[in-house]
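The next block holds one structure in the form of structure tokens; read it before the comments.
The values are calculated or read from the model by the stated rules, or taken from the named source; none is laboratory data. A quick note: this is a predicted structure, and the numbers were derived from the prediction, not measured. Note that each Cβ is placed from the backbone with ideal geometry, even for glycine, and that neighbours are counted across all protein chains shown. For accessibility, only protein heavy atoms count, side chains too; no ligands or nucleic acids. Shrake-Rupley method; radii C 1.70, N 1.55, O 1.52, S 1.80 Å.
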Amino acid sequence: MRIRTAVPALLVVAALATALPSAPPASGAPATGSVRADPLSDALTAPLLADCSSITDNGRGYARLHGIDLCGAATTPPAEPLRTEIVGGEECGSATLTMTSRGGGLAAIDWRVSSETGPIVAVELDLAFASGSGGEMRHFSDRSPSVHAHDGTVAFLGAGRATATLSGSVETFTATCRIVPASVRILVR
């Protein structure tokens, strides 16, 4: 599942600006009618996929108690193995990565994970971001139980194109889930 947020109003304004006649540039520079290929802000939501082999007896009990049918944990008798035939795993939540240009070469990069399989017990995430000015990776580790885990950073990336990628795992009461790597690209001013 991939959900993008876009700024359609900005695209409409840019399209109208190129369609309407305008005065020639005062400096004598050629007029350009192009729209930026990269937005100033972008967000992407990616699924969390459960590792069915990580579901413990306690996780099965929690799933049965709360009606969570992850890997068949809510309906499979305790003596039988859970289904693991789904390649990559079953969805157990989502992760959202947002990157926004703040001006002056700065970008705000935020992440949020939410679980559909019980409270989040632990988060182990890597956030990588890069631009023409260089790059960096930051590791986020949190063992505080929560319903929605989130954090972020502001980084100097310089003006130009920049990307951010989120990867890692989230442990819930029921299972350990990995993030399908999520990546966004923006234009930093």
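Annotation note: of A175, A155, A108, A162, the sole residue that is out of contact with any Cys (no Cβ under 9 Å at 6 or more places or on another chain), in contact (Cβ under 8 Å) with a residue 60 or more places away in the chain and open to solvent by less than 20 Å² (accessible area, probe 1.4 Å) is A162. A Cβ distance below 6 Å, combined with a sequence gap of six or more or placement on separate chains, defines the contacts here; from the range 44-66, residues that are assigned to a helix (DSSP H, G or I) reach residues that are open to solvent by 20 Å² or more (accessible area, probe 1.4 Å) and of a type in the set (S, T, Y) in the pairs C52/T84; S54/T176. When the range 78-100 is filtered for residues that are open to solvent by 10 Å² or more (accessible area, probe 1.4 Å) and either among the β-branched types (V, I, T) or within 14 Å of the chain's Cα centre (by Cα) (or both), the ones remaining, listed by number, are T84, I86, V87, S94, T96, T98, T100.
Residues are listed down the side, and each one gets a yes or a no for (1) modelled with pLDDT under 95; (2) among the hydrophobic types (A, V, I, L, M, F, W, C); (3) open to solvent by 20 Å² or more (accessible area, probe 1.4 Å):
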position	(1), (2), (3)
D69	yes, no, yes
R102	no, no, yes
V123	no, yes, no
L127	no, yes, no
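Conditions (1) closer than 30 Å to C71 by Cβ; (2) modelled with pLDDT of 95 or more, marked per residue:
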{"site": "W111", "(1), (2)": "yes, yes"}
{"site": "A149", "(1), (2)": "yes, no"}
{"site": "R161", "(1), (2)": "no, yes"}
{"site": "V180", "(1), (2)": "yes, no"}
{"site": "V188", "(1), (2)": "no, yes"}
